[in-house]
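The values are calculated or read from the model by the stated rules, or taken from the named source; none is laboratory data. Please read all numbers here as calculations on a predicted model, not as lab measurements. All Cβ positions, glycine included, derive from the backbone under ideal geometry; neighbour counts span all protein chains shown.
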Amino acid sequence: MTLLAIDDITKSFAGHKALDHVTLDIRQGEFISLLGPSGCGKTTLLRTVAGFMTADKGRILIDGEDVSRLPPERRPLNTVFQNYALFPHMTVLENVAYGPRRAGLARAEAERRAEEALEMVGLAAMSRRNPAAMSGGQQQRVALARAIVNRPKLLLLDEPLSALDLQLRKRMQIELKQLQVQLGITFIFVTHDQDEAMAMSDRIAVMSAGRLEQCDAPEAIYRRPRTRFVAEFIGEANFLPLDGAGPEGVLRPEDLRVLPEGEALPPGWRGLPARVTGVTYVGGTSNIYLAAGPRELLARSYGLPPAGMTAGRTVQAGFDPANLHPLGA
Amino acid sequence: MASARLTLFWLLALPVLVFTGFFLIPLGVVLVSSFTAPEDGLTLAHYARILLDAYHWQVIATTFRIAIFSTLICVALGYPLAWYLVRIVQLRSWRRACVILLVLPLFTSNIVRSFGWMVLLGRSGLVNDALMSLGLIDRPMRFLGTETGILIGMVYILLPFTVLTIGTALARVDRGLEQAARDLGATPARAFWSVTFPLTLHGVMAGAIIVFSMAISAYVTPALLSGGKVTVLAMLAFQQYSTVFDFHYGGALSITLLVLTLALIGLASRMTRGRTPGAGGH
């Protein structure tokens, strides 16, 4: 069932198209990531859904109701802001109780709800603290509690983990995902980190230069990228002609095998002569960089690189043509 | 190490000496003279003369009324002006021009500006002419020699202080906070009163304290615009010093003004302190 329908949204800033005919349907209970490099329009799209910006063209529908003209306070959604935007003149509890208070609850009831939400993010003991006296990770949880306390249908998260260090970010990714499943709220998660998007999302919407490039499940995005941009932005990609010449397909580095010169390929495989240009070993996997004529290729395998695989050596690069995915399909 | 400490000592000692020499000693002289008389040494007679007399209380009331109204009007006008400068003006050059226009009058003398208002507020001055030609009044209003006239002059002179302090506070408020409030269901008005205003309250208070302390001790503007019909405490004190040469009674008037002012400011900041936790640290 479609919860949020983004219908042909276009938005320009001084002649520059920040959003270019974006259409996207998001289902109830889904965890969807808006992924793309900075300036791709993902934050603009999020702010348009939240109501902080008005689109030049197109509509936003939530549960079938057109909310395009509604101010942010009348839209049935909440936002976790990138810099958390916690109210510095209020305690943690007052911050979280702000939403229920605006929804018309009495102070006692609003605070009870706020305590509940803080419990959910593991901060029940800190309700009397001032947000400024908390760590980045704790502030992030307060922002999360404040956004879920009213049980919105839709939660927008604007790069909420980008200010955290790597360890904490990994932990929060798991917690966020658990919370989303537990609450059953639809999450729209803006990020520029492809690993984060892959780890958490039901679907990933990849954006570039204001356009929606592809929206699919993580494995589909990875295995069957529709455009060259998607293939290069998600993971690493080798581009090879589909059959000798003509249009190119994508081959992921782990599907490319490096074999000694003259060794027989498995039946049905294609091989091309190449020269090793570099070898790196990165804890668990090794990368072999190859040059096949003018083409640069990358092969990845588990464990240490095969013995004798040094730069300058001539080898053959082999792959199963079934793994070569044609672009645009 | 020892020489660094010595340097630090002198660096601190010099300002302290200047402060003592130029600020505390004159104040001490006034304080001492207010408690003494040429004939019988230590005395409370000057204070008794002020505090036990209805006329003096009337002057004190007028002084405080003018100062309090000046403060309220300066804050009420200063906040929207600061909002306009910080939030609405997009063009940087226009904002700079506005700030210059705002600050420029501060470079000219109070006396000149008060004379300007005497001309504007007179019977056939610009203000009355404008009001009459607009048909709002049919006879010229009397501004000179009334508290309204003094108030207009005071607000004109003191308004920049509230605009500047409130504007500074407002510029520091993260607009993302208002958006967060809206996102959580607050109307724009509610977002302002529950988030933006509390976070600028220290700027409002700073401006109010500056305006109040300048208004309560103002001499030139009330003296020129009162036409001798309204008297404030500073005018009484000035008369004692300049025409009667009674430094003891004049000193007592000054100290009375100082004590009452400090009491009121202390009360006001105590009332607002509880409401802005964390605002100062931001």
(Q) Any residue at all in the stretch B:208-215 that's more than 14 Å from every other protein chain (Cβ to nearest Cβ) and not in a helix (DSSP H, G or I)? (A) no
(Q) Can you say whether A:Thr227 is more than 30 Å from A:Ala5 (Cα to Cα), among the β-branched types (Val, Ile, Thr) and at pLDDT 90 or above, as far as the supplied structure shows? (A) no
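Each row is one residue, and each column tells you yes or no for (1) touching a residue at least 40 places away in the same chain (Cβ under 8 Å); (2) more than 9 Å from chain B (Cβ to nearest Cβ); (3) in a loop (DSSP other than H, G, I, E, B); (4) among the hydroxyl-bearing types (Ser, Thr, Tyr).
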{"site": "A:Arg59", "(1), (2), (3), (4)": "yes, yes, no, no"}
{"site": "A:Arg69", "(1), (2), (3), (4)": "no, yes, yes, no"}
{"site": "A:Thr79", "(1), (2), (3), (4)": "yes, no, no, yes"}
{"site": "A:Gln82", "(1), (2), (3), (4)": "yes, no, yes, no"}
{"site": "A:Leu86", "(1), (2), (3), (4)": "yes, no, yes, no"}
{"site": "A:Tyr98", "(1), (2), (3), (4)": "yes, no, no, yes"}
(Q) Out of the residues in the stretch A:100-123 meeting the condition of being exposed (fewer than 13 other Cβ atoms within 10 Å of the Cβ) and either in a helix (DSSP H, G or I) or at positive phi (or both), tell me which one is nearest to the other protein chains (Cβ to nearest Cβ). (A) A:Gly104
Q. Got a sec? Which of B:Ala186, B:Ala191, B:Ala181 is part of a helix (DSSP H, G or I), within 14 Å of chain A (Cβ to nearest Cβ) and touching a Ser or Thr at 6+ places or on another chain (Cβ under 9 Å)?
A. B:Ala181
Q) If you take the residues in the stretch A:127-152 that are farther than 17 Å from A:His89 by Cβ and either outside the structural domain of A:Gln82 (by TED's automatic domain parsing) or without any contact (Cβ under 8 Å) to a residue 40 or more places away in the chain (or both), which one is surrounded by the fewest Cβ atoms within 10 Å (Cβ to Cβ)? A) A:Ser135
Q.
With the requirement that a residue be of a type outside the set (Ser, Thr, Tyr), closer than 26 Å to A:Gly184 by Cβ and out of contact with any Asp or Glu (no Cβ under 6 Å at 6 or more places or on another chain), what does the stretch A:30-55 give you?
A. A:Ile32, A:Leu34, A:Leu35, A:Lys42, A:Leu45, A:Arg47, A:Val49, A:Ala50, A:Gly51, A:Phe52
**Q.** Residues (within 19 Å of A:Glu213 (Cα to Cα), crowded, with 18+ Cβ neighbours inside 10 Å and touching a Phe, Trp or Tyr at 6+ places or on another chain (Cβ under 8 Å)) located in the stretch A:31-82
**A.** A:Phe31, A:Ile32, A:Ser33, A:Leu34, A:Leu35, A:Gly36
Q: Could you please find all residues in the stretch B:152-178 being in a helix (DSSP H, G or I), within 14 Å of chain A (Cβ to nearest Cβ) and crowded, with 19+ Cβ neighbours inside 10 Å?
A: B:Ala169, B:Leu177, B:Glu178
Q.
Tally up the residues in the stretch B:32-52 that are in contact with a Ser or Thr (Cβ under 9 Å, 6 or more places away or on another chain) and either assigned to a helix (DSSP H, G or I) or on the phi > 0 side of the Ramachandran plot (or both), please.
A. 5
Q.
For the stretch B:63-78, check the following and say yes or no: at least one residue is out of contact with any helix residue (DSSP H, G or I) (no Cβ under 6 Å at 6 or more places or on another chain), at pLDDT 90 or above, assigned to a helix (DSSP H, G or I) and not aliphatic (A, V, I, L, M).
A. yes
